[in-house]
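Written out below as structure tokens is the structure these notes cover.
Each reported figure results from applying straightforward, stated rules to the coordinates on display, with no laboratory input. Here the structure is a predicted model, which means the values were calculated and not measured. Cβ sites come from the backbone with ideal geometry, for glycine too, and all protein chains shown count toward neighbours.
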Amino acid sequence: MALDPAVAGWFLLFALPICLWAAWTDLSSMLIKNEAVLALLAVFVVIGFLTLPLPVFGQQLLHLVIVLIVTFLLTLIGLIGAGDAKFAAAIAPFVAREDIFNMMLIFSVCAIVGFLSHRLARSIGPIRRLAPNWKSWGEKETFPMGYPLGFSLIIYLLFAFFD
């Protein structure tokens, strides 16, 4: 991983609860709150400004713009939700340029595991009864992408921290 382990540790300390919150709210309400997106972005801006060299900080902020444009287009054609687009864009600056492929791989695995675990849990009555009001249990074909997105950032930062 190209992200410095100490920087990854600081990012992880503050991003972990936000990512868990975003995953939980997306599972329960099929909504990633703007507060979670803004909080995650604030973590990058504050911690990144304090821990990254200024050129690297600026380059990684550019990742936000690129991902926001791409995910906005995906939202326009109906492939992803607006909350997913904003959350993915807020995650993007945390990922070092050299690690983009690794992050795409981590996200791919998290998306598959997240989808399968969600669908399995949804099909088991006793598990559904633990959270009977979760909107993601609905029979619609939509899926709460905040769940694998949040865990992708957590896993990426853990790999970088322990590298």
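Figures for the structure shown
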quantity: Restricting the stretch 101-134 to residues that are closer than 14 Å to F159 by Cβ and of a type in the set (V, I, T), the residue that is surrounded by the fewest Cβ atoms within 10 Å (Cβ to Cβ); calculated: V109
quantity: Meets criteria (in contact with a helix residue (DSSP H, G or I) (Cβ under 6 Å, 6 or more places away or on another chain), of a type in the set (A, V, I, L, M), surrounded by 14 or more Cβ atoms within 10 Å (Cβ to Cβ) and in contact (Cβ under 8 Å) with a residue 40 or more places away in the chain) for A96; calculated: no
quantity: Selected residue [out of contact with any helix residue (DSSP H, G or I) (no Cβ under 6 Å at 6 or more places or on another chain) and more than 18 Å from P148 (Cα to Cα)] from P5, P55; calculated: P55
quantity: Odd one out for T71 among (1) surrounded by fewer than 19 Cβ atoms within 10 Å (Cβ to Cβ); (2) more than 24 Å from L158 (Cα to Cα); calculated: (1)
quantity: Failed condition for L16, given (1) surrounded by fewer than 18 Cβ atoms within 10 Å (Cβ to Cβ); (2) over 14 Å from G150 (Cβ atoms); (3) touching a residue at least 24 places away in the same chain (Cβ under 8 Å); calculated: (2)
quantity: Top-ranked residue of the stretch 129-146 - restricted to ones that are assigned to a helix (DSSP H, G or I) and of a type in the set (D, E, K, R), ranked as nearest to W21 (Cα to Cα); calculated: K135
